[in-house]
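The values are calculated or read from the model by the stated rules, or taken from the named source; none is laboratory data. Model, not experiment: these values are computed from the prediction. Every residue, glycine among them, receives a Cβ derived from its backbone with ideal geometry; neighbour counts consider all protein chains shown.
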Amino acid sequence: MDPEMEDLVQLRGRTASAAIMGGTFDPIHYGHLVAAEAARVKFQLDKVFFVPNRQPPHKKDYQVTAAKHRYQMTVLATITNPHFYVSRIELDRPAPSYTIDTLRSVKELLGSKTQVFFISGADAILDILTWKDVDEVMEMCYFIAATRPGYRLEELGRRLGYLLKKYSHKVFCVEVPALAISSTDIRERVTQNRPIKYLLPESVENYIYKYELYKRAGSTLKTHVAQELKGNEVKD
Ligand code: NAP
């Protein structure tokens, strides 16, 4: 069994609540961490399991960084929070990573007394109608949609359509100002040799540089260091 999932089994049989924080985490950043912590406090969650996906159904495998790196960055980022855990449940399963399969495994491990929440970005949840076995997904958990500042909630209502009417008691939103940070922006910044400091934990920043993630083909650590030493060439 996934060692982190053994922690989940401890919740079995008692009224507890656990959340799955689903995402690609390419890379994980403070927006994700603040969103998970805000949800944990608001909904009194006992544990939050970060579940990096192997390959989201709507993305091709070459579009995401190797699972090994995304997993390790997620572990580094969550290590200081005693309520946060990282699960390999989707990484150890063949792609594509369907949320319904994860929920079925988690529910089986936990038993019926534990409430399960699924936290993700509101934009990811917008497309839920296209997800595999969406009605069963909605039956199995409560949803927490983390929104960026200025997010138009009516868009979520419009796109969720009949689901929101049927399951309105199961969908919640948490506004997370730190979600102004985005993984896409961080990847672009690294590619362009722009700073990423304070957007994500320092350990993850160091990891990105050590393994030369998000660099343009042909760009190496040496060129990054050369740019840093030149100083005035580093924009932003
Ligand atoms: P995505 O399309 O990469 O992200 C869409 C938006 O949501 C981005 O703005 C993203 O910001 C944000 N986001 C993603 N995960 C987040 C999180 N945990 N907390 C806060 N914001 C988040 O989304 P994805 O990562 O591929 O999918 C999100 C989750 O939905 C995953 O668990 C995935 O497996 C699941 N999903 C399931 C199905 C299915 O079962 N058929 C289909 C699609 C997605 P950042 O880029 O900054 O993270």
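For this structure, a couple of remarks:
- Residue, nearest to the ligand (Cβ to nearest atom), within segment 15-55, restricted to residues that are aliphatic (A, V, I, L, M) and closer than 15 Å to SER183 by Cα: ALA35
- Test set (1) in contact with a strand residue (DSSP E or B) (Cβ under 9 Å, 6 or more places away or on another chain); (2) assigned to a helix (DSSP H, G or I); (3) modelled with pLDDT under 95 - TYR62 fails condition number: (1)
- Single unsatisfied condition, GLN44 versus (1) part of a loop (DSSP other than H, G, I, E, B); (2) over 21 Å from ALA145 (Cβ atoms): (2)
- Selected residue (only one of GLU188, GLU205, GLU175 is surrounded by fewer than 17 Cβ atoms within 10 Å (Cβ to Cβ), within 16 Å of the ligand (Cβ to nearest atom) and at pLDDT 95 or above): GLU188
- Residue within segment 83-94 that is within 21 Å of VAL134 (Cβ to Cβ) and among the β-branched types (Val, Ile, Thr) present: yes
- From the options ARG70, ARG88, residue that is of a type in the set (Lys, Arg), more than 8 Å from the ligand (Cβ to nearest atom) and crowded, with 20+ Cβ neighbours inside 10 Å: ARG70
- Entry remark, segment 56-67: residues being more than 9 Å from the ligand (Cβ to nearest atom) and more than 20 Å from THR191 (Cα to Cα) number 1 in total.
- Of the criteria (1) crowded, with 21+ Cβ neighbours inside 10 Å; (2) assigned to a loop (DSSP other than H, G, I, E, B); (3) in contact with a helix residue (DSSP H, G or I) (Cβ under 6 Å, 6 or more places away or on another chain); (4) without any contact (Cβ under 8 Å) to a residue 60 or more places away in the chain, which one SER97 fails: (3)
- Residue count for segment 116-145, restricted to those that are touching a Cys at 6+ places or on another chain (Cβ under 8 Å) and touching a residue at least 60 places away in the same chain (Cβ under 8 Å): 4.
- Selection count, segment 132-172, where residues are under 25 Å from PRO96 (Cβ atoms), modelled with pLDDT of 80 or more and surrounded by 14 or more Cβ atoms within 10 Å (Cβ to Cβ): 14
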